[in-house]
Amino acid sequence: MPDAHVLLERDGVRLTLDGAVAHITLCNGAKRNAQSPALWRALAEAGRLLPGSVRVAVLRGEGVSFSAGLDRRAFTPEGFEGEPSFLDLARGSEQQLDAAVAGFQEAFTWWRRTDLITVAAVQGHAIGAGFQLALACDMRVCADDVQFAMRETSLGLVPDLTGTKPLVELVGYGRAIEICVTGRFVRAEEAASCGLANVVVPAAELDATVDDLVAAVLAAPRDAVIETKALLRSALGASEEAQRAAERAAQGRRLRDLAGVGE
């Protein structure tokens with residue numbers, strides 16, 4: 001990325017721009033990109049900083065693991081320096097706790113914007129919050145050493161960082177509940193066969209495969225990509241009649257635009 005420039009680098013997150021592509025990197029590989037409230041705030045800010053010219057956002061984790069999940073210091077009485085611990089949050093009011101978790105979730109929601117295609121490049125461990133961050137993206141390109149796991153239940157918790165809906169949509173309810181309540185690892189072959197991974201490649205080929213995918217996305221007209229993502233996302237909850245109507249409306253907009261008679 002010789003022409004890339006850095007827009008943000010703090011709290012374990014780096015955002016760089018390279019033309020129409022944003023690269024968001026979890027950059028604390030020494031700690032396997034363990035997550036914290038500060039990291040989530042930085043991720044949310046990265047989403048807000050993206051200029052309108054960005055078409056694709058690529059998420060990576062430096063080092064051997066994409067993200068090993070939540071930093072366990074969150075559950076100690078001390079927590080993180082300058083932050084209320086999770087134990088402190090638990091002692092607050094229901095409204096305070098709800099607001100805190102809603103704030104954490106902001107790091108995981110902007111990846112679903114219809115004006116972006118988002119791709120996670122996942123290697124090594126993607127556990128808990130790391131798994132849910134990969135699930136937040138439209139597509140996952142995985143190295144053959146990938147290991148997904150949802151470990152929240154083993155800690156007496158639930159997956160609360162927006163991962164439950166995409167997990168069920170991708171693998172179905174039966175497999176999703178089994179993955180979550182057992183906390184077992186989902187490795188590369190299973191991830192590919194059940195839909196968690198769009199493609200699995202040798203680790204040495206991960207970056208090149210992502211680059212090829214990004215180039216293919218950028219080759220398509222932007223407005224058509226935006227309309228298509230919106231249609232596919234609405235299909236998950238729409239009736240057949242409503243989806244047919246949405247397709248007609250979207251195609252009408254595209255045809256008028258191509259004919260030069262759009263608004």
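The values are calculated or read from the model by the stated rules, or taken from the named source; none is laboratory data. Model, not experiment: these values are computed from the prediction. Cβ atoms come from the backbone with ideal geometry, glycine included; neighbour counts cover every protein chain shown.
Part of a helix (DSSP H, G or I) and farther than 26 Å from residue 226 by Cβ: is that true of residue 14 in this structure?
It is false that residue 14 is part of a helix (DSSP H, G or I) and farther than 26 Å from residue 226 by Cβ.
Taking the options 15, 59, 89, name whichever one is modelled with pLDDT of 95 or more and more than 17 Å from residue 140 (Cα to Cα).
It is 15.
For the range 58-80, what are the residues that are small (Gly, Ala, Ser) and in a loop (DSSP other than H, G, I, E, B)?
Within the range 58-80, 63, 65, 68, 69, 79 meet the criteria.
Here are the criteria: (1) out of contact with any Asp or Glu (no Cβ under 9 Å at 6 or more places or on another chain); (2) within 30 Å of residue 226 (Cβ to Cβ); (3) touching a residue at least 12 places away in the same chain (Cβ under 8 Å); (4) not small (Gly, Ala, Ser). Tell me which single one residue 6 does not satisfy.
Failing condition for residue 6: (3).
Pairs only if they're at least six apart or on different chains, beta carbon under 6 angstrom, first in the range 47-71 and closer than 30 Å to residue 220 by Cα, second charged (D, E, K, R); list them, first residue then second.
55/222
Kindly indicate whether residue 167 is surrounded by 17 or more Cβ atoms within 10 Å (Cβ to Cβ), without any contact (Cβ under 8 Å) to a residue 40 or more places away in the chain and assigned to a helix (DSSP H, G or I).
Yes: the conditions hold for residue 167.
Search the range 224-246 for residues that are within 22 Å of residue 56 (Cα to Cα) and pair each with any residue that is β-branched (Val, Ile, Thr) and not in a helix (DSSP H, G or I) when their beta-carbon atoms are under 6 Å apart and the residues are at least 6 apart or on different chains.
226/114; 229/114; 230/114
Anything in the range 173-219 that is touching a Cys at 6+ places or on another chain (Cβ under 7 Å) and either among the charged types (D, E, K, R) or not assigned by TED's automatic domain parsing to the domain that holds residue 61 (or both)? List them, or say none.
Selection gives 175 alone.
From the residues in the range 129-146 that are touching a residue at least 60 places away in the same chain (Cβ under 8 Å) and in a loop (DSSP other than H, G, I, E, B), which one is surrounded by the most Cβ atoms within 10 Å (Cβ to Cβ)?
146
Just give me the residues in the range 221-263 being among the hydrophobic types (A, V, I, L, M, F, W, C) and outside any helix (DSSP H, G or I), in sequence order.
Scanning the range 221-263 gives 236, 238, 259, 261.
Can you find a residue that is small (Gly, Ala, Ser) and either part of a helix (DSSP H, G or I) or at positive phi (or both) anywhere in the range 147-156?
Yes; the residues of the range 147-156 include at least one that is small (Gly, Ala, Ser) and either part of a helix (DSSP H, G or I) or at positive phi (or both).
If only one of 42, 38, 46, 22 is closer than 26 Å to residue 203 by Cα and at pLDDT 95 or above, which one is it?
It is 22.
Taking the conditions exactly as written (crowded, with 22+ Cβ neighbours inside 10 Å, closer than 25 Å to residue 63 by Cα and at pLDDT 95 or above), does residue 180 satisfy them or not?
Here the answer is no, as residue 180 does not meet what is asked.
So which residues in the range 81-95 are in a loop (DSSP other than H, G, I, E, B) and either outside the structural domain of residue 36 (by TED's automatic domain parsing) or within 15 Å of residue 38 (Cβ to Cβ) (or both)?
The answer is 81, 82, 83, 84, 85.
Within the range 183-210, count every residue that is surrounded by fewer than 13 Cβ atoms within 10 Å (Cβ to Cβ) and assigned to a helix (DSSP H, G or I).
Residues that pass the stated criteria total 4.
Just for the range 195-236: of the residues that are more than 20 Å from the chain's Cα centre (by Cα) and not acidic (Asp, Glu), which one is nearest to residue 147 (Cα to Cα)?
Out of the qualifying residues, it is 202.
Tell me which residues, restricted to the range 97-116, are outside any loop (DSSP other than H, G, I, E, B) and either surrounded by 14 or more Cβ atoms within 10 Å (Cβ to Cβ) or of a type in the set (Ser, Thr, Tyr) (or both).
97, 100, 104, 105, 106, 107, 108, 109, 110, 111, 112, listed by residue number.
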